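Reviewing the structure listed below.
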Amino acid sequence: MWLNRTTVLFLVICLNSIAQKTDISKCSGSVLVNGNISYSLNFLGNKKFDELNLFGYCNFPNISNNYIWLNFSPSSFGNLNIEFSNAPDSLMIFIFECKMPNPCEEIINKTANLIVCHYRRNKDANSQIKPMFVNQNSTYFIAFNTKKGSRSAVDFRLKFDKSTSTGEYLEDSLSLNLVSRYDKAIYSLHLVDEKTNKPVVSRIYISSTGDLDGAYKASDLRINNTKNLNANIRIDAEGYFSKDLLKHKIVGNISSHDTIRLVAITSGTIAKLDDINFIGGLSIISDESMPKLKRLKDFLALNPSISIEIQGHVNDEGKNSMSSQRLSKKRAQKIMLYLVQNGIKSERLKAIGFGNSKPLYENPTDDDQREANRRVEIKIN
């Protein structure tokens, strides 16, 4: 059966540009990007020519100094491609393989391995970059370049597929068969990518006071089950939003299965944190919120390259006041403090308070609508 009742830790997906806090037109300000996550970045509009002509690696004449620099460190061997959903008509792409502790210095000194030097035009059907094999022991620096003065946006995704050390495709799957009696009912759990339907290896935690209780790691789990259960199931996978299923019904007298579709993390996502509550009018986190805060901490620990902006909102009548903004920011800061105290680096976190400036319901008519306005959200950077 298809899963139809879930409690999802993260909701409300929308794509925005990631924050540009450094000079991304320079190698030293390169943006760390991850495989299979969508990004949107803007050129800064630099108006001069690059006198070094990207250090003379390619024969392109009169390259501008209008760059976007990225860096990518694969977690395994794999095949890498760049998919563009929006880009300027004139786009040059350079990809370097670096192994030194100082990759930008390696590029400047012309000791980096240039593996792509490509000129792309949107209207040219043959302008796509071919997939390239990448090494888990290297860091890859990617430079986009366009005409001087342009502030065009580039929407792209690094499509990364794991492979063997020789480049053969490796499916991210792990079957865990714990069935001991095939004449008894079997419960099967399948975890797949929402868009591709490919299996996703995940950490699975099941608590039900039944045969299924335990912690597992798999994309496909099979186990005997003899009881009707209301199970709590927690699922965590690197590169995906965590998912919680509370009081999920599992039958015990017949074999059954669930297919759970996991949503890949996308830069710019704004997501609501369910069940995070504060004492009325104060920035004190209620005790019942602790399990959800721990889930957020686990999510960040599993995805160490992701940073978030914690956004506080309050429900308050009238115009957005300074006191509303202060309270919402203090609440966001309390969540940030909890995360830092539990091992998450502070530079990955930012707290901001919106007061009552962004209500879900402009004129709430009941407690449910007021509670919806009184919320905490995070933005994935």
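The overall shape of the range 33-162 is oblate: from the C-alpha gyration tensor, with semi-axes ordered a ≥ b ≥ c, the ratio a/c is 1.5 or greater and a/b is no larger than b/c.
Taking the number of Cβ atoms within 10 Å of each Cβ as an exposure proxy, the fewest-first ranking of H313, H190 is H190, H313.
The label-point distance for S138 and K159, in a model that sets each label 7 Å from Cα toward Cβ, rounds to 2.0 nm. Stretching I115 away from F55 to a fully extended chain increases their span by 20.1 nm, per 0.36 nm per residue minus the current alpha-carbon distance. As a calculated quantity, the FRET efficiency between D275 and D366 at R0 = 22 Å, using C-beta atoms, amounts to about 0.70. If I model the chain as equal point scatterers sitting on the Cα atoms and use the Debye formula, what is log10 I(q)/I(0) at q = 0.08, 0.13, 0.15 Å⁻¹? Debye curve over Cα of the chain, log10 I(q)/I(0) at q = 0.08, 0.13, 0.15 Å⁻¹: -0.53, -1.15, -1.30. In a simple Cβ point-charge model (Lys, Arg +1; Asp, Glu -1; nothing else charged), the range 246-381 has a dipole of about 520 debye relative to its Cα centre. The residues F156, F55, when put in order of fewest to most other Cβ atoms within 10 Å, stand as F55, F156. Between R203 and N86, the contour length at 0.36 nm per residue exceeds the alpha carbon distance by 38.7 nm. If R0 equals 22 Å, the separation of the Cβ atoms of L176 and K227 corresponds to a calculated FRET efficiency of about 0.65. Taking 7 Å steps out from each Cα toward its Cβ at A301 and E168 produces label points 3.6 nm apart. Within the listed set G35, G280, G353, the residue fluctuating most in the Gaussian network model of the chain (springs between alpha-carbon atoms under 10 angstrom) is G280. Which FRET efficiency value, to the nearest 0.05, do you get for A215 and E105 by plugging their Cβ-Cβ distance into 1/(1 + (r/R0)^6) with R0 = 56 Å? With R0 = 56 Å, the Cβ-Cβ based efficiency is 0.80. Partner lysines whose Cα lies under 21 Å from the Cα of K379, excluding those fewer than 8 positions away in the same chain, are identified as K21, K243, K272, K292, K294, K297, K329, K330, K334, K345, K350, K358.
If you rank T139, T269 by fewest surrounding Cβ atoms within 10 Å, what's the result?
Values: T139 21, T269 24.
Ordered by Cβ neighbours within 10 Å, fewest first: T139, T269.
Ranked by the mean number of other Cβ atoms within 10 Å per residue, highest first, peptides 359-372, 140-153 order as 140-153, 359-372. Mean separation of Cα pairs under 8 Å and 6 or more residues apart, divided by the residue count, gives the chain a relative contact order of 17 percent. Sorted from longest to shortest, the spans of the Cα atoms of the range 273-380 along the three principal axes equal 40, 25, 21 Å.
Read-outs: derived from the displayed coordinates by stated rules, not from any lab. Predicted, not measured: the structure shown is a model, and the values here were computed from it. Neighbour counts are summed over all protein chains in view; Cβ atoms, including those assigned to glycine, are modelled from backbone coordinates with ideal geometry.
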